[in-house]
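Scroll down for the structure; my scribbles are underneath it.
The values are calculated or read from the model by the stated rules, or taken from the named source; none is laboratory data. In this text, all values refer to a predicted model and were calculated from it rather than measured experimentally. Please note: Cβ atoms are built from the backbone with ideal geometry, for glycine as well, and neighbour counts cover all protein chains shown.
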Amino acid sequence: MNYFFDLDDTLVHTSEIVFRSMNEWCVENAIDIGKAIEHGKGRRTEDTVAILAPHLNAKLEAKKIEKREEELLQFIQPLSGALEFVLNLPESNWGVVTSSSHDLAMQKIRICGYPIPKILVSAESVERGKPSPDPYLKAAQLMGVNPGDCFVFEDAESGIESAFYAGCKVIAVGEYRGKFDENIYGRIETFDQLEFAQGDLFGTEKKNT
């Protein structure tokens with residue numbers, strides 16, 4: 001089996017710094033932060049800006065927001081159990097599919113101590129980002145596998161939609177509840193709830209202690 005991971009709030013706790021950087025931009029541009037969070041979770045920053053402020057240059061504004069996010073990277077850390085889980089995977093069987101830019105994603109990965117993935121599909125890798133299926137289709141193509149043979153770990157609806165329509169098996173990370181509930185293969189709060197048995201994944205429900 002093959003494994004693809006979203007990055008923000010799936011492998012790495014980034015909700016605080018994403019909120020802070022986006023909130024500062026919203027204040028500067030008189031945009032409701034509530035709408036920004038609603039539309040932006042899981043999406044590329046450029047796409048979020050295009051939705052919220054079509055009169056602005058989305059690429060330039062996205063760079064401003066991500067620059068501020070870079071300045072706050074000292075506050076990030078891996079999701080519980082995620083680093084150990086990834087380190088147990090064969091390097092040829094996993095990758096990261098993120099809405100972050102390539103450079104920002106690499107910084108997050110390095111700061112949290114993850115190995116550099118052989119496959120990293122970032123904001124620049126595809127013409128259409130999440131919720132389009134293109135990012136996960138691209139990842140499967142790069143790995144040379146069928147999307148149906150891939151587990152995808154996602155926390156946001158846009159990412160879950162992307163993975164589901166790409167044909168992957170989706171495991172929701174965190175408290176997601178939404179229109180794709182019936183299409184989710186399994187759920188976890190943290191990666192501590194997952195184990196391997198003879199090379200296969202199991203335990204996508206909370207284990208008894």
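To keep it simple, each residue is scored yes or no on (1) under 15 Å from the mean Cα position of the chain (by Cα); (2) among the basic types (Lys, Arg).
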{"position": "21", "(1), (2)": "no, no"}
{"position": "31", "(1), (2)": "no, no"}
{"position": "42", "(1), (2)": "yes, no"}
{"position": "45", "(1), (2)": "yes, no"}
{"position": "52", "(1), (2)": "no, no"}
{"position": "64", "(1), (2)": "no, yes"}
{"position": "82", "(1), (2)": "yes, no"}
{"position": "85", "(1), (2)": "no, no"}
{"position": "97", "(1), (2)": "yes, no"}
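With respect to residue 139, determine if the residue is within 14 Å of residue 5 (Cα to Cα), in contact with a Ser or Thr (Cβ under 9 Å, 6 or more places away or on another chain) and of a type in the set (Gly, Ala, Ser). So residue 139 fits the description; yes. Contact annotation: residue pairs with Cβ atoms under 7 Å, 6 or more positions apart or on different chains, pairing a residue in the stretch 149-168 that is closer than 12 Å to residue 42 by Cα with a partner that is surrounded by fewer than 24 Cβ atoms within 10 Å (Cβ to Cβ) and among the hydroxyl-bearing types (Ser, Thr, Tyr), are 155/176; 157/176; 160/176; 162/132.
Yes/no matrix, rows are residues, columns are (1) touching a Pro at 6+ places or on another chain (Cβ under 6 Å); (2) within 28 Å of residue 58 (Cα to Cα); (3) at pLDDT below 95; (4) not β-branched (Val, Ile, Thr):
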{"position": "95", "(1), (2), (3), (4)": "yes, yes, no, yes"}
{"position": "99", "(1), (2), (3), (4)": "no, yes, no, yes"}
{"position": "119", "(1), (2), (3), (4)": "no, yes, no, no"}
{"position": "123", "(1), (2), (3), (4)": "no, yes, no, yes"}
{"position": "134", "(1), (2), (3), (4)": "no, yes, no, yes"}
{"position": "149", "(1), (2), (3), (4)": "no, no, no, yes"}
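Hey, could you check the stretch 152-165 for residues that are crowded, with 24+ Cβ neighbours inside 10 Å and over 10 Å from the mean Cα position of the chain (by Cα) and say which is farthest from residue 89 (Cα to Cα)? Looking at residues that are crowded, with 24+ Cβ neighbours inside 10 Å and over 10 Å from the mean Cα position of the chain (by Cα), I get 162.
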